[in-house]
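See below for the structure under consideration.
What follows draws every value from the coordinates through simple rules; no lab data is involved. Just so it is clear, the structure is predicted and the values come from calculations on it, not from any experiment. Every residue, glycine among them, receives a Cβ derived from its backbone with ideal geometry; neighbour counts consider all protein chains shown.
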Amino acid sequence: MRLSQFHLHTSKETPAEAEIVSHKLMLKAGMIRKLAAGLYTWSPLGLRVLRKVERAVREEMNAAGAIEVLMPSVQPKELWEETGRWEKFGGQLLKMQDRKEAWYCYGPTHEEVITDFARNELASYKQLPVNFFQIQTKFRDEIRPRFGVMRAREFLMKDAYSFHLTDEDLGREYKNMYDTYGRIFTRLGLKFRAVFADTGAIGGSASHEFHVLADSGEDAIAFSSGSDYAANVELAEAVSPGPRAAAAEAMHKVDTPTQKTCEDVAALMGIALQRTVKSVALMGEDAEGNPQFVLALVRGDHVVNEIKLSKLAGLGEYRLATEEEIDQHLGSEPGFLGPVAPKKAIRIVADRSVAAMADFVVGANEKGFHLAGVNWGRDLPEPHEVADIRNAVEGDPSPDGHGTLGIARGIEVGHVFALGRKYSEAMKLTVLDNNGKAAAPAMGCYGIGVSRIVAAAIEQNHDENGIAWPEAMAPWQAVVCMINPKNDAAVSEAAQALYRELNAAGIETALDDRGLRPGAMFADIELIGIPHRVVVSERGLAAGTFEYRHRLASEAENLDRAAVLSRLA
Ligand code: ATP
Ligand code: MG
Ligand code: MG
Ligand code: MG
């Protein structure tokens, strides 16, 4: 590619709206342009990088035995009603109507669509196991789209869904995908960790997230010094700058003492649930007409949990509880959060949410486990800095008994779930097993944030001059720069010859024939992060050399043609 023919559009200004380095550099390099909140156009330069990520993901998925499909982005409401997620998915689901007034959503994920596909396609255990994947655009109406393509509303995801006759076979494929993810992120040159994760709105029994380690990451990961143990604490949502403000807002929204307590409960429960939540105190009636008090924990506009003071059987409509009701129920029943699994008690020291977090790290988010014995102190826990959490967690023993815990920040770039039969049962997907009996297959699902990876890679690979792409993601491996080509035909010819030769040797090379001053040209090349730069100048030609420099090297070297070729090969 000749850069004079390519739409390269860099800028020297640091964009004011960008908070993190990847967003800044993607804008400065002209990789993306914002259309509206969370919606971005990928420029020719950005798209080259995105396609590199896509290619690595696709090749490794194919090599792992998954088979590519392409499903629609727009999905009918009826499918989502089969699983109950039309209501349950919450505010991230973008709903729309067609001209016949039928409802659709723009797919935030594709469990329903693939399960529908499978129930039409799969009839026999002989067709299993099978793993279908796609690389496709998702839409999630994120509450706070930010950091550019890191948390966009429309973004590119690789999502895969596997089907199995037995749980053992699901376990095998889960491991296969886990290993494949390791290969993908290694190939892309990223420093990453796989961590235990919450199964969240997708549901299921086991799940791991893959995190690119970076200080700007929205997630916090607790990891052991003495083993491979690592878990997502998702408490970053409550402590990192943006989310911290949101958490503080949730905690401080109401200022009567009673409601403060209610928010306090929500904050602590939110931490225990690994989520930023606010509470809504509600009253309803049971079948006998008795008033029932419910503390609903809401994330965005999605109820993540309901703390019930008594059975909710037959509870119909809710209304907001009055202050007196809140006071009465929160005040009189300190143990209302239910039974405690004795071995897993969370130690909440005073009202320090940090302590709650610290204890939570030791694996407490399990069925039947609830906060209890909590001192619902009247003082709200202050929003905490990561350093506080570090202090609280660091040095704690790892739950697996090996080593002690530390905290790192991470960006979630991939997620694998063992779903079990949640979707196959809800959507009546069955195959005939080897005895001719209908059986619901076990499912797994496996996501990778293809577009997020581009931003995450920059967080890990940059310096004060710009991006420094890992080889596998670079828009080009190398660039040949011409110094003063207009006035020097020999330079122009030599540069073009080298450019052709490098490409012929299989090294993806650009030619900077824009005729810029060397300073401006080199600044651009450094900003856009091309790993290898070769400069052709009159002086070099006279000496029979080219000036070679690796993006991260401190000095350039003068090499002859053969040395340049062997350096880049
Ligand atoms: P997050 O915790 O960051 O909101 P998620 O857990 O909701 O992500 P998944 O449902 O696991 O996301 O989707 C699979 C992958 O898609 C994620 O691991 C992430 O890399 C990517 N992803 C999710 N939401 C976004 C987004 N808003 N913008 C860009 N990539 C995203
Ligand atoms: Mg999300
Ligand atoms: Mg997540
Ligand atoms: Mg996830």
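Just a few scattered comments:
- Distance violations [Cα-Cα > 25 Å] among Lys52/Lys126; Lys88/Lys428; Lys28/Lys52; Lys34/Lys486; Lys138/Lys422: Lys52/Lys126; Lys34/Lys486
- Whole-Hz Karplus values for segment 14-20 come out as 8, x, 5, 6, 8, 8, 10 Hz, taken residue by residue from phi with 6.51 cos²θ - 1.76 cosθ + 1.60 and θ = phi - 60°; glycine and proline positions read x.
- Alpha-carbon centroids, segment 67-96 and segment 100-161: separation in whole Å: 8 Å
- For Ser554, Ser537, Ser227, order by how many other beta-carbon atoms lie within 10 Å, fewest first: Ser554, Ser227, Ser537
- Alpha carbon Rg of segment 77-162, scaled by the compact-globule rule 2.2 N^0.38 Å: 1.25
- The orientation-averaged projection of the convex hull spanning the C-alpha atoms of segment 462-562 amounts to 6.0 square nanometres.
- Segment 1-132 - Kirkwood radius from inverse mean 1/r over Cα pairs (Å): 18.7 Å
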